[in-house]
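Coordinate-derived values only; no laboratory data. As the structure is a prediction and not an experimental result, all values here were calculated from the model.
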Amino acid sequence: MAKELDKQKDCPICNRNNSCNKNGDCWCGNEFFPREIFDLVTGDQLGKSCICKDCLNQFKGKN
Ligand SMILES: [Zn+2]
């Protein structure tokens, strides 16, 4: 169980800490995530783990 919770703190793209705070205000709540970025996330992690800011910025920079 604890392992599952830990997993949600990891970015599904780079596996680093996504700095998401599920219990309060999270930076990702104020960010726009392009639909296409979720194509990079595998099915079982979709909707569970947040994408980190680094990956979001990198994705936006490329497109
Ligand atoms: Zn990431």
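Helix 53-62 and the longest principal axis of the C-alpha atoms of the chain enclose an angle of approximately 20°.
May I ask for the percentage of alpha-carbon pairs in the chain that lie more than 12 Å from each other? So the portion of pairs separated by more than 12 Å is 67 percent.
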